[in-house]
1. May I ask you to evaluate 6.51 cos²θ - 1.76 cosθ + 1.60, the Karplus curve with θ = phi - 60°, for each residue of the range 65-77 and list the ³J(HN,Hα) values in order in whole Hz, giving x for glycine and proline?
2. Give, as ranges by residue number, the residues of the range 333-357 whose backbone N falls under 20 Å from the point 7 Å along Cα→Cβ of residue 317.
3. Putting +1 on Lys and Arg Cβ atoms and -1 on Asp and Glu Cβ atoms, find which of 93, 124, 444 reaches farthest to the positive end of the dipole of the chain.
4. How would you classify the range 241-286 from its alpha-carbon gyration tensor, with a ≥ b ≥ c the square roots of the eigenvalues: rounded for a/c under 1.5, else prolate if a/b is greater than b/c, otherwise oblate?
5. Picking from 454, 230, 378, whose Cα lies most toward the positive end of the charge dipole for the chain (charges on Cβ: Lys, Arg +1; Asp, Glu -1)?
6. Given labels modelled 7 Å from the Cα in the Cβ direction, how far is it in nm from residue 181 to residue 390?
7. Could you order the peptides 353-359, 88-94 from most to least packed, using the average number of other C-beta atoms within 10 Å per residue?
8. Where nothing but the Cβ of Lys and Arg (+1) and of Asp and Glu (-1) is charged, how large is the charge dipole of the range 295-447 around its Cα centre, in debye to the nearest 20?
Amino acid sequence: MSKGYTPPVTGYFHLSAYIQASDQQSMSTSNQQGQRFSSRWGFLLSALGVAIGTGNIWRFPRIVAQNGSDDGAGAFLIIWVLFLFIWSIPLIIGEYALGMYNRKGVVGTILQSAGERFAWMGSFMVFVGAAITFFYSVVLGWCVYYFVHSILHANPISTEAAMQTWEHYQTGAWPLATHGLVMILGSLAIWKGISRIEKINRWLMPTLLIILIIALIKSLTLNGAGHGMSYLFTVDWGQMGDPALWVAALTQNAWDTGAGWGLFITYGAYMQMKFGIVKNAIITAVGNNIISMICALMIFGTCFAIMQTNMGNTHEEILDVMQNSGPASTGLTFIWMPQLFEKILFGKYLTILFFLGLALAGFSSMIAQLEMTTRTFVDGGMRRPVAIIVIVGISYLVGIPSAVNLNVLANQDFVWGLSLMIAGGFCAFAMIRFGTQRIRKEIISRNREDIQPGMLWDIVIKFFVPTASIVLLTWLLITSGGHTYWYDPFEISSIMTCLVQWGIVLSILIFLNRWVVKRTKD
């Protein structure tokens with residue numbers, strides 16, 4: 001058991017009474033911090049909404065393609081699945097447990113679990129989530145625009161026509177307008193707290209799943225789709241020794257599941273003990289990865305079937321499109337997919353469903369990100385309506401550079417995507433300070449009907465997660481010297497741009513730590 005910081009409530013029976021009392025708080029209370037998810041089904045759908053987002057549809061297929069060799073992408077998938085079980089699921093279990101125990105947002109939870117000196121780690125986790133929201137809402141705005149556009153207009157029949165639609169959108173005021181629209185919708189979704197979030201996810205997530213299944217079935221019936229699936233699952237074992245592949249797989253799994261962001265700490269604060277921590281962590285993470293694979297099968301199957309069979313592209317040309325179609329995969333998702341769907345029967349309707357699914361997936365994740373930041377501000381003493389207005393206003397303003405410049409968006413995606421390794425390490429550190437054995441025995445094991453993770457969970461959190469964070473980030477720093485312009489902080493994907501942005505944020509948060517602690521404790 002960790003000899004570190006000891007929270008005020010100790011002992012199994014004291015802890016049981018503490019959590020039971022918090023579980024029995026009325027859902028109708030005027031204090032929204034005392035709200036709980038009303039049912040396990042509503043909680044599970046909301047938790048899946050955290051994990052399932054545009055990262056599954058917009059980001060995952062592109063990352064798979066970029067990290068595949070000429071022979072296949074199976075090596076990446078193997079490592080990605082491995083990290084699901086030795087990174088994402090263990091962290092989500094711990095996040096749920098600490099969130100439910102402390103009944104606070106991320107900063108308050110890290111403060112009480114790791115001690116006041118380390119509250120800045122929680123602040124950094126919240127900032128990472130907010131930084132991703134700044135550009136995530138921009139991408140979600142694209143999805144909303146293309147959903148409406150696909151209803152009102154025919155699919156493009158050529159790359160020139162597709163580019164014309166994209167440039168018309170990007171060169172006008174549309175990015176700023178759609179960015180603002182989704183921020184307003186997000187604020188309305190979380191305005192009344194977790195009760196409204198639960199209601200929204202009850203219809204949003206089943207709708208999304210139906211759309212994805214329809215799209216998958218259609219794509220798999222295309223002549224030549226098997227070529228894409230064959231490439232997806234072919235393993236080039238020579239890739240397994242490339243550390244870059246491991247960094248990409250870990251980062252993408254953290255992106256996919258939301259593990260280590262603090263999002264599950266936030267939802268854990270509204271969770272009832274009877275729902276079961278471990279079962280729901282496994283369902284959340286595995287369900288998310290299944291959705292990612294559905295999206296990859298859909299995208300790879302469609303691209304290979306149509307570009308190779310109907311358009312005469314070679315294997316190498318197809319991969320080039322999937323890997324390099326514009327900053328942040330704008331080309332593949334928003335330029336190529338409408339063209340590809342145009343080549344098949346009922347393609348217009350499939351395009352509409354595709355962008356509707358993309359928008360719904362993004363929205364479910366964005367409201368969780370907004371709720372995490374909002375809960376942090378509320379814990380700091382700010383009234384919820386004021387906190388929401390402040391957060392939405394800041395998010396809109398800081399997101400403007402990403403809305404008007406794709407290179408800025410690609411840079412933010414790179415910088416804060418990699419920072420998820422740091423956030424995950426901080427999250428594990430808080431669990432170690434609290435005591436991994438204590439979390440397992442006194443919180444997780446309290447529900448006798450839940451799966452018991454055993455000492456293996458302690459080992460993964462105490463040794464593997466911190467080690468993986470340090471080793472992979474160190475490797476990234478050491479090898480960056482061989483990259484052109486690695487020292488340029490203004491280069492889109494240089495290591496220096498990461499170090500500068502991380503350094504500025506961490507310095508400010510460490511400087512403000514005492515003030516943050518005082519606000520959160522008061």
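Derivation of every value follows stated rules applied to the coordinates shown; laboratory data play no part. Source: prediction; values computed, not measured. No Cβ is skipped: glycine too gets one built from the backbone with ideal geometry, and neighbour counts run over all protein chains shown.
1. Per residue, the Karplus-derived 3J(HN,Hα) values read 4, 5, 9, x, 8, 5, 8, x, 10, x, 4, 4, 5 Hz.
2. Counting only backbone N, you get 333-344.
3. 444
4. On the way: a/c = 4.50, a/b = 2.44, b/c = 1.85.
The shape class here is prolate.
5. My answer, from the dipole projection, is 378.
6. Placing both labels 7 Å along Cα→Cβ, they lie 3.0 nm apart.
7. Packing order, densest peptide first, comes out as 88-94, 353-359.
8. 920 debye
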